[in-house]
Amino acid sequence: MDRYQFLVALAGLIFTLGLLGVVIRRNLLVVMMCLEIMLNAVVLSFVTTAVRTQSIPGVAMTFFIYVAASCEVALAMAIMVILVRRRHSLDVGTFQDLKG
Amino acid sequence: MSGIFIAFFSALAVVFAIMVITMRQPMRAALSLVAHMVCLAALYACLGAHVVAVFQVLIYVGAVMVFMVYTIMLLDDRDMSYQWVFSRLALPAVVVAGLVAAALWVLIGRLPVTAPAIATAAGDSFTFSSFSVAFMQHYWFHFELATVLLLIGIIAAWAAVKEGSNG
Amino acid sequence: MLNPTTVLALFVLPLAFALILPVMTERGSVLPRIVTMVGMLGVLALSVTIFVGYDGSTDPQLLAVNVPWIASLGVNFHLGVDGMNIYLMLLTSLLFPVVLACTWKTAHADKKLYLGLLLIMETSLLGTFLSQNLMLFFVFWEAVLIPMFILILTFGGENRRKAAMTFFMYTMVGSILLLAAVILLGVESLHQTGSWNFEFSTLYHLHLSTTVQMFVFVAVVLACLIKCPVFPFHSWLPLAYYEAPAAGTALMAGAMSKMGAFGLLKLAIPLCPQVSVAFAPTIILLAVISILYGAVLALRQQDFKKLIAYSSLSHMGYIVLGIFCLQQSSIHGSLFQILSHGVAVAGLFLMLDLLEQRLGASYKQLNALSIYAPRLAVTLMLFILASVALPLTSGFTSEFLILFGGFQHGLQLFNTGNGLLVLVCVILACSGMVLGAGYMLRFARAILYGKANEEIGMKDMNLRETIAFVPLLAIVVIIGIWPYPVMIKAQNAVEQLTALAAGTQQVQALPQTTTTLPIGGADGH
Amino acid sequence: MNHLMLIPLLPLVGFLINGLIGSRLPRWLVSVIACGLPAAAFALTIGAFTLLRTTGTPIAETLFTWVGAADIKVDVALYFDQVSAVMCLVVTGVGTLIHIYSAGYMSHDKSFARYFAYLNLFLFFMLTLVLGKNLIMLFAGWEGVGLASYLLIGFWFEDREKTNAGLKAFVVNRVGDTGFVLAAFLIFYFTKTLDFQGINGYFAATQPSLLIMNTIGILLLFGACGKSAQIPLHVWLPDAMAGPTPVSALIHAATMVTAGVYLLSRMSGVFLHAPLAMDVVAWGGALTAFVGATMGITQYNIKKVLAYSTMSQIGYMFMACGLGAFDAGMFHLYTHALFKACLFLGAGAIIHALHGEEDMRKMGGLWRKIPLTFGTFLFASLALSGVPPFAGFFSKDEILWNAWSAPNGSPAIWAIGWIAAGMTAFYMTRAIIMTFFGESNVPEKVEAGIHEAPFSMASVLVILAALSLVGGFIGTRFTGFLSPVLGHPVAEGAAAGGMEHILMGASVAIAACGILLGCFLYLGKRTLVEKIRDAVGPIYRLVSNGYYFDAFYYKVVVRCVDWVSESVLAKVTETTFNFVAIELPSGGINMVSRLFSSLQTGNVQAYVLYVLLGLALILWWGVAHA
């Protein structure tokens, strides 16, 4: 169980924690944050393997991940603003339109 | 030496992640998220990937989290989601997440430990100077594209919010 | 006139007319009905010529159309007239024009969908009865369901949706097992003859192990007992017969329920003789239960359609009893009963429809019909007598032969010491005739006799209806008085069947050449 | 000699003409056709009869094969031997007379043609029954006759009462026919033929086993009881009086009810080797005779009295057959047909005169108003009571003598027959006195309308009365004529001769005292009758309700089957089958589909959880296997 294996396992743990957060929390904002946690976990595993194999593109990729993540957050916040403006509540439970 | 740092910072990261989930107020969750990200940056540093650590702190914590904090300030009203922090599915979700984490831990644990192709000693290739030279040589075009992506992202966010207002 | 082209024409004619129909204008013109009637009468003419021309010993090649359809799988479009399906061919081709003639004035009759459905049903029914290839038989066995389903769904009574769905699903479940059996037989023919072959003649020659025979037998018997409702599988009967439009009920009771009996004759006994001989007592028990069950239920039915539906359940019990007594006389009896019951029950249902056309829903409370419409009353009485199995009607000939064969079979079994079941069953079936008289005459008392209140102005049967019923009554009387000439036609087919069941000697069907036969061309066989 | 086929065919032609176009023909033409064709048939029968007497060989004629397969061969064939000659003569002769009578009787009925069509149909089926060469022809006639009696009993179908009576008659006959059919199948299993000659020949040579012979005998008896209204299946006969009176005369007196006796004598080959069956037939007949007589005494409806008397007389015929004296049975059948038809037609004339009144208590003192009817009625009732010069005496005495002297006869059975003869005399005298003598309690407006029967009816009455007077004298030649077919060892012997005369005297004595008792009670002291009736109380109620047979059948058999059909089958099994076959699967599928749709709650987080669950399962599967 060297450091790299440990770190990838850690990334897995953090990823599940983020996923758990998404499922459990009722507040939309916190759900977004947990989403960011999941993203970081992915970046962590990315970086560990990139460092282990000394690959430049690997690390370069993390840069692009950050770019994508920031766009994602920007849009997410915009959408959140619209949602809140329409339903006046941040509770995830109110958005049930997909009822089968 | 760095093993202790890694263990310490990863434990810290896990704690902060759990705090993000359990904090009632979104602001506290946001701050624990920031702390979580700083720990990750520290981990990257321990690994020698200084560039990534800087990116992490600079872009993620600086830009994204700050933006998140603004949104929290704007939208934070004490509604239903404030009293009932966790949804009804909390218990089963925790159990399932525990299962998944354990499964991952076991599976990753079983991965065959292969000696790294090249000695870890040469880990300095990711310092600023060497990495940025290599990065710009190969990925200058992608760098420019990234900026275009950011631009589109901003316009989209602005349009979305604008369109919503007169909706 | 006996050549393959007539058989092919017999099959293709209704289909062709069904395809002409959509082209015609529907706005209330009589043309579509006339065209359909012409088509049906054409089919009737063809089948009568074949029926008259056919005597027991005509060479089966003469009346066979064999065109490879899916050659690699041995599925040939092989239609052929033989002793077994000659009665059914006549029955089907006779029922359709009669049904159309009786429902000529009803609201449905000028709808092209209604007429098209009838024609397609006629084609698929003829296809089922005439097919000499197992896969073709199965295709038509299923194809018949669709037009009947649509007919009930669009033209039925108030909860026709439930009735159509139950009818369709119930029969579908049965035929899924049948499909499994068909495929198993195909595989079996592959092992034993080296190539996929669904021709009946080759399948009859296969030496099937008892387990295969067992599976095929159970599948076929289940599908057939559902189709011609026999006791445990009859829940769809009252629902479907009550909700279907008059034409639908008459055809379902008259022709479609006979497919079940035909399936038993064509598939169950020849393909798995040993197992069918072993299982015969249990099926006979089921048949007799359904005879008594249907009869007793019919005793206290207030609604006429339900009464006749349960009586048809009872009569189908006689047919299955006759088939599984595996005696020459009883199988002849079942073939006669198929023809006589088909005619009688179709007549009765069409009669009820005539009353419904005249009186609307209040026909349920009608009595003293003899005063309002004496001719209608006499014809109804004749059909009632046919189903009560009175001598000089076809009912008596068939039921006498069935019970006769059954009794001899029962006594033989009793003497050779294997069981009293069949004998007791046949004696109970004889008592079924008493119950039959009971409920049919109660039906007659309810509808024909009683006090006449004046204000029902009801027209008697007009010319069209009388002409429509004459052929039905003719069959009832002819088979009642002089069945022998009709009996010779099915003689050698019945002999082959009983010989097979007795397992004395393998059936020597003409070695069916699997080479393709040029269709048409009388000389080319 | 192929005109044998014409005998049954002529009435059939009559039926077809009257049935199809009868309503459009004028009344006289309808009655001419209806009476002419049976008369022609009667003429043909006489021709065949004379031919038979001269040549002595039965005439057989095969028309066509009805059904032919490997294991059964039945052909439509007619056979005219001594027994069927007698029956044919009775059927066509009495039948024609009754047709002529009913032309007058039914003259003002609105469906005149339909009546005659049914009557001719009846004759056709009766003649097929009588002339049939094999059991199937006999059975065809048998059921056809049942159908004709159903149609004729329920002729006035407006009245639900009458249609019920018709329905009851047909169903009870059908019950008997089941026994008959089973007997036919059992016979075929051994003799491999359904032909009478073949059957009698086979059983004369070899008898399978006593048990088989007795079961065949009993089954045939059961069938005969159904048709001839003997004890277990006699309930339909009194109700059958709902039909027009000539119908009762033809069907329920002269011809149809005697079909059972014809069957027994036809099947004498079987019965002679079935001792138990013979005893059952004999004692059954004696029992019916006795019970019928008792019931006759308690009836007030004149036709019901005659119906019960028919039942008891046929009991006598069965007794004769049971004792092996088939020819005596046939002889009594022949004489009974004559005087019973005359009695019924007389009753018809009375009812016709009183415009439909059938209850004897509303009659009385008619002998002055309708003397001819009274005369013929008196003649026929004397014949029935067995008063010497009349036909009844000879045939009944023959039977009583056989009851005493036959191998399985015994003084006990003779005593029952003897007492029943006495009771017959008593109830006939009672009937005559209540209708013709005493003070007339006929309502005034009806009283005025009483008129003698028209010529057509009166002439038939006179002929029949004359025949019932003369008919007895051909006794010995009659049994001689039948001997080739039904011959049996007559216990000749001097002592027997003397004994025969003593018994003859005894039967005359009992008849006389029956008549005297009747006159004494009903002419003199009507009040005494009331007193006796009250004293006898419960027994009287038992007998007048027909020993509760009818109530028993209706309550136990019919109601129980209806209850089973209505509540058990319709409600319980049908619903369970519907439930199991239709509701259960469809309900099950609906429930499962509802279960899956409940997963789509719209809560996005739930969906993510399901994803997570799936992931966990896969991972753990990986852990387990990798």
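Throughout, read-outs are computed from the coordinates displayed, never taken from laboratory work. The structure displayed is predicted, hence computed values, not measured ones. Methodologically, a virtual Cβ is constructed for each residue, glycine included, from the backbone with ideal geometry; neighbour enumeration extends over all protein chains shown.
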Going by Cα centres, the stretch D:407-478 and the stretch B:35-72 are how many Å apart?
131 Å
Ignoring GluC sites (Glu not before Pro) buried by more than 12 other Cβ within 10 Å or outside DSSP loops, the longest site-free run in chain D is D:1-438
Can you tell which of A:15, A:46, A:63 shows the greatest fluctuation in a Gaussian network model of chain A with Cα springs below 10 Å?
A:63
Please arrange C:487, B:19 by counting, for each residue, the other beta carbons lying within 10 Å of its beta carbon, fewest first.
B:19, C:487
So, by mean Cβ neighbours within 10 angstrom, what's the order for C:386-394, D:319-327 with the highest one leading?
D:319-327, C:386-394
Residue B:158/residue B:77 FRET efficiency (R0 22 Å; Cβ-Cβ; nearest 0.05)
0.40
Could you line up B:138, C:315 from fewest to most neighbouring Cβ atoms inside 10 Å?
B:138, C:315
Residue farthest toward the positive end of the dipole of chain C, with Cβ of Lys/Arg at +1 and Asp/Glu at -1: which of C:91, C:159, C:16?
C:159
Pull out a ≥ b ≥ c, the square roots of the eigenvalues of the alpha-carbon gyration tensor of the protein assembly as shown, then state rounded if a/c is under 1.5, prolate if not and a/b is larger than b/c, and oblate in the remaining case.
prolate
So which GluC sites (Glu not before Pro) in the stretch C:108-172 are both in a DSSP loop and have at most 14 other Cβ atoms within 10 Å of their Cβ?
C:158
Under a plain spin-label model, where a point goes 7 Å from the Cα along Cα-to-Cβ, how far apart in nm are residue D:205 and residue D:301?
5.2 nm
Pairs of alpha-carbon atoms within less than 8 angstrom and 6+ residues apart define the contacts here; what relative contact order does the stretch C:38-114 have, in percent?
30 percent
Compute the relative contact order of the stretch D:198-283 as a whole-number percentage, counting only Cα pairs closer than 8 Å that sit 6 or more residues apart in sequence.
45 percent
Rounded to the nearest 0.05, what FRET efficiency do residue C:424 and residue C:478 give with R0 = 25 Å and r taken as the Cβ-Cβ distance? Could you check?
0.15
Quick note, the stretch D:535-626: a/c under 1.5 would make it rounded; otherwise a/b > b/c is prolate and the rest oblate (a ≥ b ≥ c, C-alpha gyration tensor); here it is prolate
Which residue, B:145, B:12, B:43, has the most motion in a Gaussian network model of chain B that connects Cα atoms within less than 10 Å?
B:145
What pairs from C:489/D:192; D:133/D:168; C:111/C:305 go past 26 Å between their alpha carbons?
D:133/D:168
Here FRET efficiency (C-beta to C-beta, residue D:447 to residue D:61, R₀ 60 Å, nearest 0.05) is 0.60
In range of the label at residue C:278: residues from the stretch C:389-426 whose backbone nitrogen is under 12 Å from the point 7 Å along Cα→Cβ
none
Would you be so kind as to identify which of A:21, A:40, A:82 lies farthest towards the positive end of the dipole of chain A, taking Lys and Arg as +1 and Asp and Glu as -1 on Cβ and the Cα centre as origin?
A:82
Would you kindly calculate the mean projected area, averaged across all directions, of the convex hull enclosing the Cα atoms of chain D, in square nanometres?
45.0 nm²
Classify chain C: rounded, prolate or oblate, from the alpha-carbon gyration tensor (a ≥ b ≥ c, eigenvalue square roots; a/c under 1.5 rounded; otherwise prolate if a/b is larger than b/c)?
oblate
How many angstrom lie between the Cα centre of the stretch C:98-158 and the Cα centre of the stretch D:557-626?
34 Å
Of B:152, C:284, how do they rank once you tally other Cβ atoms within 10 Å and put the fewest first?
B:152, C:284
In nm, spacing of pseudo-spin labels at residue D:593 and residue A:72 (7 Å Cα→C-beta vector)
3.9 nm
Would you mind checking the radius of gyration and Dmax of the stretch C:240-372 based on alpha-carbon positions, in Å?
16.7, 56
Name the residues whose placed amide hydrogens come within less than 5 Å of the amide hydrogen of residue C:461, ignoring near sequence neighbours (fewer than 5 apart) on the same chain.
C:375, C:376
Karplus ³J(HN,Hα) for the stretch C:134-151 (6.51 cos²θ - 1.76 cosθ + 1.60, θ = phi - 60°; Hz, whole; x = Gly/Pro) runs 4, 5, 4, 4, 5, 4, 6, 4, 7, 4, 5, 4, 5, x, 5, 4, 5, 4
Would you be so kind as to identify which of D:293, D:250, D:260 lies farthest towards the positive end of the dipole of the stretch D:186-334, taking Lys and Arg as +1 and Asp and Glu as -1 on Cβ and the Cα centre as origin?
D:250
Between residue D:509 and residue D:617, with labels modelled 7 Å along Cα→Cβ, what's the label distance in nm to one decimal, could you check?
10.6 nm
